[in-house]
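A short write-up of the structure that comes next.
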Amino acid sequence: MDRLTQMELFVQTVELSSITRAAEKLGLSDSVASRSLSALEQRLGARLLERTTRRLWPTEAGRAYHQRCVQLLVELADADATVGQYSVRPSGVLSLTSSPSFAMMHIAPMLPEFWRLYPGLSIQILAANHYADAIESGVDIAVRTRPFEPDSGITVRKLTQARYVPAASPKYLAERGAPSTPKELECHPTLIYGFSREIQPLVFSRGDTTETVRLKPALLSSEGRVLCAAALAGGGILLQPMYTIYDDLKAGRLVPVLQDWHLPALAINLAYHSRKHQPAKIRVFIDFLLAHFAQQDYERKWNEWPPAATTAGNSASTASSGRKHAPIGAGSSDQRGTG
C-alpha cells in the first residue's frame, strides 16, 4: 500500500474509532487494513494506536501524526480543487446533507432558480436527522443545528437561526384550553422532537425568571413534520422551531401558546471541510443559499415574537386562553419519550 493511502487509512481509523469502518470506507478488507497500520507503525518506529476489544484510540504520537496527516491531506485536496475554483460554470454533483423537513421545505423549493444559473450542476440531498461528528467522505455541505464542530478541519458558517415555539391547533385549544405557565405543559399531551426515551428538561425564560419542565411526550419523533401532522389534527401541543411551522402559524392552522415565555433559539449553520480553495460548486451553492435566505428575510420571520398569525388564529388563541385545560385521560400513564 502506498504511503498516501496509508495516511488516509490512519486518519479515517482515528476519526471513526474503528479499523473496520475505515477499511470499508476506503474499499479495503479488514486484514489488509490491519497489516497496513502495523506496517505504518513499524516504518515510523512508534505505536500510533491503542486498542481493546471494545474501543480504539490514538497514542500521544498517534495524535501528533494524525494532526500532520490531516493538514497534508487537506493541502492535497486543495491542489486538486484549485483548477475547479476557476471554472466559470461549475458542473458535476454537489452532495448536501440536511434534515428531511429542512430539505423539503427550504432547500428543494429554491433549486429550480439555482439550476437556471448553474444548469450543469446536479444536487444530491442526503436527508437524515442524525449525523456523526465527522462530515462523511463525499458530502460537500452539511446543514446542521449546532454552533460548533468537534473537528477543527470543518468550517462552520451561520445560515440563520429560528425560535422554538410551543403551538397547537385551534381545535385542540378550543377543547382543552391553553397552558398559562410552562409547568402546565405537563398536564397536556405534548409532541416532542427527539431520538431517545431519556427526556431532556426544557428551560423557559421570561425576563429574569426561568422555569424548567420535564415532559413525558404523547408523541416522540425524529422528524418535525410528523409532529406537525399530529398537532394539526388536534393531537396536542408541539414544540418546534419556526422554520418548520412558520406557514402554519401565519395561516392560523397552528396557534402559539405561552407567548410571554421563551425557549433558546436554534442555530442553523452550514458546515463544510476547510480549504483555502473551495471547489466552485461548493462556493456558488453557499453564496446562493445565503443570498436566498437573506432575500426571504427568514432571520426576522423565524424570530419575530409573537409569531405572525391570521385573525382567525389569534381569535382561537384568545378564546382558549380563558378556558381551563382538561386533565389528560388514563392513557397518560403510558406516555414516554424525550424532547
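General remarks:
- Residues of segment 216-274: accessible area per residue with a 1.4 Å probe, Å²: 31 Å²
- With the Kirkwood sum run over all distinct C-alpha pairs, segment 13-130 has a hydrodynamic radius of 17.9 Å.
- Percent accessible area from carbon and sulfur atoms, segment 254-307, protein chains only, probe 1.4 Å: 54 percent
- Dimensionless Rg over Rh [segment 185-295; C-alpha; Kirkwood]: 1.07
- Annotation: per residue accessible area for segment 1-100 equals 59 Å², rounded to a whole number [probe 1.4 Å, protein chains only].
- Residue-span extension gain [MET110 to THR210] - 0.36 nm each, minus C-alpha spacing: 32.1 nm
- Approximating the spin labels as points 7 Å out from Cα along Cα→Cβ, the SER18-to-GLU75 distance works out to 3.2 nm.
- 5 angstrom amide H check on ILE123, placed H, neighbours 5+ away: LEU94
- Note on segment 154-208: with neighbouring protein chains present and a 1.4 Å probe, carbon and sulfur make up 47 percent of its accessible heavy-atom surface.
- Under a 5 Å amide H cut-off, with hydrogens placed 1.01 Å from N, LEU49 pairs with THR59 among residues at least 5 apart or on other chains.
- Of the Cα atoms belonging to segment 175-215, the radius of gyration and Dmax stand at 11.6, 32 Å.
- Qualifying lysines (Cα of each under 27 Å from Cα of LYS281; at least 8 residues distant if same chain): LYS25, LYS158
- Carbon/sulfur fraction of accessible area - segment 1-93, other protein chains in place, 1.4 Å, %: 52 percent
The values are calculated or read from the model by the stated rules, or taken from the named source; none is laboratory data. What you are looking at is a predicted structure, and each value in this text was computed from that prediction instead of being measured. Positions of Cβ are backbone-derived with ideal geometry, glycine not excepted, and every protein chain shown enters the neighbour counts. With ligands, DNA and RNA removed, areas are computed over all heavy atoms of the protein, side chains included. Shrake-Rupley method; radii C 1.70, N 1.55, O 1.52, S 1.80 Å.
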